[in-house]
Amino acid sequence: MKTRQSVLFYINEKRYEVFGKQTLMNLSDFLRYEQSLTGTKVVCAEGDCGACTVLKASVHELNRNRLVFKSVNSCIMPVLNLDGCQIVTVEGLKKDSDLHPVQKSMVDNFGSQCGFCTPGFVCAMVGLVEDSVLQKKEITEKRTKNYLTGNLCRCTGYDPIVKSALAIDLKKVETLQERYHDAKKITELKIAVQKDVEIQIEGLKVFLPTTLKRALEIQKKFPSTKIVAGATDLGVMVNKGRFQYEAVMSLQNIDEMFEIKKVKDFIVVPSRVTLTQFQKYLEKEFPEMERMLNIFASPQIKNSGTMVGNLVNASPISDTIPFLMVSDAQIEVRKAGGKRLIAIDDFFLGYKKLAIKPQEIVTAIHIPISKGKQISKLYKVSVRKDLDISAVTMAARLKLKGRKIEEARLTFGGVGPTVARLKTIEKKWEGKDLTAELIRDASIELPQLISPLSDVRGSKEYRLLLCQNLIKKFADEIFSANVVEATL
Amino acid sequence: MKSLSETHVTGESIFIDDIPAMKGELFVNYVGSPVSAGRLKKIDFKEVLKIPGVVGVFTAKDVHHNLWGTIVKDQPVLVEDEIGYIDEPICVIAAESREVLEKARKLVKFTIEEKKPVLSLAEAIEKKQFLHSPLPFRCGDVDAAFKKAPHRLQGKFEIGGQEHFYLESQASIVYPEDKSHLKVISSSQHPTETQHLVAEAVGLPFHQVVCEVKRMGGGFGGKESQAAPFAAMAALAANKFKRPARIVLSKDDDMKVTGKRHPFINYYDVAFDDNGKILGLKVKLFADGGAYTDLSPSIVDRAMFHVDGSYFVENALIEAWVCKTNSHSNTAFRGFGGPQGNLTMENIIEEISQYLKKDAAYIRQLNCYQKSDRNQTPYGQVVENNLLPELFDNILKSSDYKKRRIEIETFNKKARGQVKGLALTGCKFGISFTARFLNQGNALVNIHRDGTVQVSTGATEMGQGVNTKIQIIVSRAFGIPLENVQVMTTSTEKNANTSPTAASSGSDINGAAAQAACDKILKRLKQVAHFHFSGKTLKLEEEIEVSDFSNEQFSEIKFAGGLVTYKNQSMSWLELINKTYMNRISISDYGHIKTTGLAFDRVKGFGKAFKYFTSGVAVSEVLIDTYTGDMKILRSDILMDLGRSIDRGIDLGQVTGGFIQGVGWLTSEKLYYNSKGSLVSHSPTTYKIPNIQDMPRDFRFDLLENDLNKDHNILGSKAVGEPPLLLGASVFMAIKNGLSYLANKSKNGTQKIVKLNTPATSEEILMELTKYEL
């Protein structure tokens, strides 16, 4: 099968075939500097302010053969990841001379002051409207805030923006899904993404394989290839001058990696599963983690970023790793002609250092489905409650038999180079009857077991105190809220 | 902003970097100092010049007049010798592309004789390193008051700085035009200063430079003085190479290099009676000015003017100093020292209430400025048309204060791991520049033959809605539809010698100037209309003549709904405009106004410093997690006196926006510097402005509409930009109030006064909690 030397996508009505180095640009630069679509703004260039928000739909994630538009940060989205996608920017929302209902409501309700964050807010709010119509949900204050968590405004104090969202009449909305629907375009994109993309130019290599098999071959041939899924971390590193592209492979077009599956007693989360997909799945399986993901990141990041990406980024203050650790997750790693599972305990060797070999790719996370009576709790403390990197995280899971703790897991993030599992305390807990005192007493031992550092997110004294208090909070919460009684 | 925001929501509004780059345009940026203090010995940019696409490098030697400063010219555009702070611009590179520019910036090498910097305000105070020591304000007999007083509290209060975090970072494009002329497009609150600074930097007379400002993506004071030097950097390249030159800072660079809200360390000594009535006050305010003077003297003055808060203090001594440290030069930020002054007083009252074990709200009410007595500020100005007593009364009722206080007390008795707090705070913000000469404005109004109108003023639009307000003022003056009035790009070509859009005065000054220009035109239009309605005819050689009548003579001629009416006759606006033009009478004019009645003696520290005050009150309730220090705002109520609002929607937007910005300053926005003095929290990943989830869960706000200001300001309105920011203090005081329920159980058994510095982050709260027996 012949390969392609370009990526194919649509922006608003227009078809784009992009070749060579341009595939490595970030979308916001491509829009602003190459296409003069300057409605999309850039402020932080790290996906933390939402000014660059656009709507993206991928042919890999169709719903009844229709495109599903979701908000993403264009400043950290490499053009190569747009293959098989349609982008709608703020310029694509007006229909002839009529404002989109979101735009109209923002004008009517004073939702815009200086105007610099406005296009991003408008696009994020359109994301809310699209989902609301498709999922037949009302626009509530809570949902509005959740959909706009990734957008910063310095002028309005947000109240007029919330009012703008609440004033939208969903019955009068023509969704982008309807408006931009074109069966021929979908067929064209579908056919395109079945062909591998391989671009080699001026020492740069860009790969978008269509099968895992091909991806592993490429990784074998060029072991230093940077692998990207949603590219939300890589985009930041490129923008801040901490990474330069040489060889890059996107898993964007590998269809087999998009779906969460239940295999025996495990939930298998392959590498292309976004945090949004995962969060939706969690509603049933792990409600505690679902709650955590709600405040963990913005919709824009969750719509692009993947669960596996968050894992391999290996941040000691990651908000997903503690959950995976207390769940005894296993990491599926493959190379050409081989596959192995690594227990998550053995996966992190040091600060951002993973137990994988150059030719290997992390292909999935296997999470055991919890059985029997369990108590799980996840905590995150940060300067700002939402969309902020934690100062400290804690995860705990207790498996009970009667009142006895059969198995205990306890981890802390933000206290060392990797997320730390406190086996000393786990051992102490196991085999004993669960009491508030037992749990609370562990806080006394903590200073001997962890030694956090001081940095921008908190002093070491504060972090240690937080860890101790989180243990107390855990004890108090499970007893005062009768979690224990309900579990028994 | 309603009428002008349509292009915002479609993405059609043009900001600086949205302007397409011309062929041949240069991209410009500075390279900053790697150290906080030292002497610059050598700049090596040989490697830079080798890179293809680098066009030139500029150093201090290339700047015609290198020192700038609004008040004192002590800050270099580019470092010559002495380094003032880390990241301070040392040289400027011009390149043909953004990529080349970024590459080149990393290759400049500096030889620096490093010195030990002074990085903390405390150290600067100890070493008496002052940039400015203003004369104090004194009133009454402080010593006698302290002698008589039954109670006395002393304390120290540290107030953190704040990054503006305007979304559009500093940006400018300079276009060389014929001969040596330069056109500067800037994201600036002060086009006139930008014009002057650019001219001085490249060595041109002022008439060779024009500065234009269409709009800013936020300003908040950060583009009052500090937009200009970046425009000057681009101008160096544009002037030398005769090519357009653009500078656009990244958010990270912008946050590192530009000044912030001044951090303060304040000492207070307060005397009061058993009821909490303040009898005497002594405060010493120490502001961190950073490396250079910038606007600090005026900012510290305003802190002194606002240390009384909303409360009458009969006997006071207010002293202040601007300290010099090796940090970015701190600058204007919404409130301009006022918030730090006001917060100090609110903090004092909160502590008095904890000491006396009385509800702070009633102590505030007791001390609040009254109408006929107890109404003179420590600097001798009488608070006129004072609605503070009503504001306090009304909000106590509308917020259900009494009932909620009881509920909170009950909650706090039972709750484990959580505590609630409730507080009421006020603000009384002085409106006028304290530098008298700045209280003037000018406007140009041009009526066109189709009846539409263009108006130009010195006001710059940064989201605060000044253009909409001016549009409303002009459309009302002529009785024509809003859409027939266009507010034009601010340009020093049309409006020269303008004041910065600052001090909340943008609409007051420029709106009044626009009204003055309209009045001059109206005077002529009315005479033409009067002639028309009189039915007189003209001979061939005759034309209608206008003279300098007063407007009152024709007060029966009305302009409304696109019609001009006189008794039972009428004509259309369009007809009148054309009749006037055809009679060779000007349908354009220029207005100039000044704020009258200001009489403040800075030496005596006495007199009328402000035209009027904008006041408001807020009640906030918070919930604190005592395990983690996490804080949530459960409810905030705000009530403000804005006179007769010109546009309610715009004004309420300023109220909510200012309030939340104030809350951010006092709770989550922590500037974190490393041991070298470098700002570590230089992006939204680490510097946390409030996001949508940080809004009060229940947010209520209202205006106490009235006509008391109608003889003092345009259309009876009041300035609104800065005052609501001060009300963010209600959240901080609610935190202190909440913690006071736990401080009862302090480790040595005595009632402890809650001590918090700002910002009250989770860490600040949790560390305070460790002092109590929980």
### Message
Using +1 at the C-beta of Lys and Arg and -1 at the C-beta of Asp and Glu, which of B:Ala199, B:Leu107, B:Val564 has the Cα lying farthest in the positive direction of the dipole of chain B?
### Response
B:Leu107
### Message
Please compute the length gained on full extension between B:Phe206 and B:Glu12, using 0.36 nm multiplied by the number of residues separating them and subtracting their Cα-Cα distance.
### Response
66.6 nm
### Message
Show me the ranking of peptides A:230-241, B:31-42 by mean Cβ neighbours inside 10 Å, starting with the highest.
### Response
A:230-241, B:31-42
#### Entry: In region B:437-533, trypsin sites (Lys or Arg not before Pro) in a DSSP loop with at most 11 other beta-carbon atoms within 10 Å
B:Arg449
### Query
Which pairs in the list B:Lys50/B:Lys106; A:Lys171/A:Lys284; A:Lys56/A:Lys137; A:Lys460/B:Lys736 are over 19 Å apart, alpha-carbon to alpha-carbon?
A:Lys171/A:Lys284; A:Lys56/A:Lys137; A:Lys460/B:Lys736
### Message
Just to be sure I understand the model, the point goes 7 Å from the Cα along the line to the Cβ. What's the resulting B:Asp373 to A:Gln200 distance in nm?
### Response
9.4 nm
### Query
If you keep only loop residues by DSSP, which GluC sites (Glu not before Pro) in region B:499-593 have at most 13 other Cβ atoms within 10 Å of their Cβ?
B:Glu541, B:Glu542, B:Glu543, B:Glu545, B:Glu556
### Message
Run the helix sum for the protein assembly as shown: -39,500 (n - 2.57) per DSSP H stretch of 4+ residues, divided by residue count, reported at 222 nm to the nearest 500 deg cm²/dmol.
### Response
-9000 deg cm²/dmol
### Query
Once the Cβ-Cβ distance between B:Gln486 and B:His65 is put in as r, and R0 is 35 Å, what FRET efficiency do you end up with, to the nearest 0.05?
0.45
### Message
Could you sort the peptides A:122-129, A:310-317 by per-residue average Cβ neighbour count (10 Å cutoff), highest mean leading?
### Response
A:122-129, A:310-317
### Query
To the nearest 20 debye, what is the magnitude of the charge dipole of region B:167-221 about its Cα centre, counting +1 on the Cβ of each Lys and Arg and -1 on the Cβ of each Asp and Glu?
100 debye
### Query
When only Cα pairs under 8 Å and 6 or more residues apart are kept, what is the percent relative contact order across region B:665-721?
20 percent
### Query
For region B:469-548: lysine pairs with Cα atoms under 28 Å, gap of 8 or more or different chains, count?
13
## Note on the structure
Note to self: C-alpha centroids of region B:120-197 and region B:630-658 sit apart, in Å, by 25 Å
### Summary
At the level of C-alpha centres, the distance separating region B:356-376 and region B:380-420, in angstrom, is 13 Å
### Task
Within 10 Å of each Cβ in peptide A:156-169, how many partner chain Cβ atoms are there on average? Round it to a whole number, please.
5
### Query
PRE reach from A:Leu449 (point 7 Å along Cα→Cβ): which of region A:401-423 fall under 13 Å by backbone N?
A:408-413, A:420-423
### Task
Go through region A:323-399 and name the trypsin sites (Lys or Arg not before Pro) that are in a DSSP coil and have 11 or fewer other Cβ atoms within 10 Å of their Cβ.
A:Lys371
### Query
Near B:Lys128, which lysines are there with a Cα under 22 Å away, not counting those fewer than 8 places off in the same chain?
B:Lys73, B:Lys115, B:Lys116, B:Lys156, B:Lys260, B:Lys282, B:Lys284, B:Lys324, B:Lys676
#### Entry: Cα gyration tensor, chain B - rounded (a/c under 1.5), prolate or oblate
oblate
### Message
Can you tell me how region A:6-78 classifies by the Cα gyration tensor, rounded, prolate or oblate, using a/c under 1.5 as the rounded cut?
### Response
oblate
### Distance between modelled label sites at B:Leu774 and A:Glu217, nm, 7 Å Cα→Cβ extension
6.0 nm
### Query
In peptide A:467-479, what is the residue-averaged number of other protein chain Cβ atoms found within 10 Å of each Cβ?
2
### Task
Of the options B:Gly657, A:Phe30, B:Ile395, report the single residue whose Cα projects farthest towards the positive end of the charge dipole of the protein assembly as shown (beta-carbon charges: Lys, Arg +1; Asp, Glu -1).
A:Phe30
### Message
Using only the Cα atoms of region B:183-257, what semi-axes does the equivalent ellipsoid have when each is the square root of 5 times a gyration tensor eigenvalue? Give whole Å, largest first.
### Response
20, 14, 10
### Summary
Env charge @ B:Thr425, Cβ radius under 10 Å, K,R +1 / D,E -1, value -1
### Query
If R0 is 60 Å, what FRET efficiency do you get for B:Asp273 and B:Ser555 from their C-beta distance, rounded to 0.05?
0.65
### Query
Roughly what would the spin-label model give for A:Phe19 and A:Glu141, points 7 Å off Cα along C-beta, in nm?
5.6 nm
### Query
Peptide B:11-19: average number of partner chain Cβ atoms within 10 Å per residue?
6
### Message
Give the separation of the Cα centroids, region B:1-65 to region B:216-295, in Å.
### Response
21 Å
### Query
Arranged from highest to lowest average of other beta-carbon atoms within 10 Å per residue, in what order do the peptides B:79-87, B:610-618, B:530-538 appear?
B:610-618, B:79-87, B:530-538
## Note on the structure
A student applying the Cα gyration tensor rule (rounded when a/c is under 1.5; otherwise prolate if a/b is larger than b/c, oblate if not) would label the protein assembly as shown oblate
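Read the figures in this text as sums done on the coordinates, not as results from a lab. Since this is a predicted model, take the numbers as computed values, not measurements. Backbone-built Cβ (ideal geometry, glycine too); neighbour counts: all protein chains shown.
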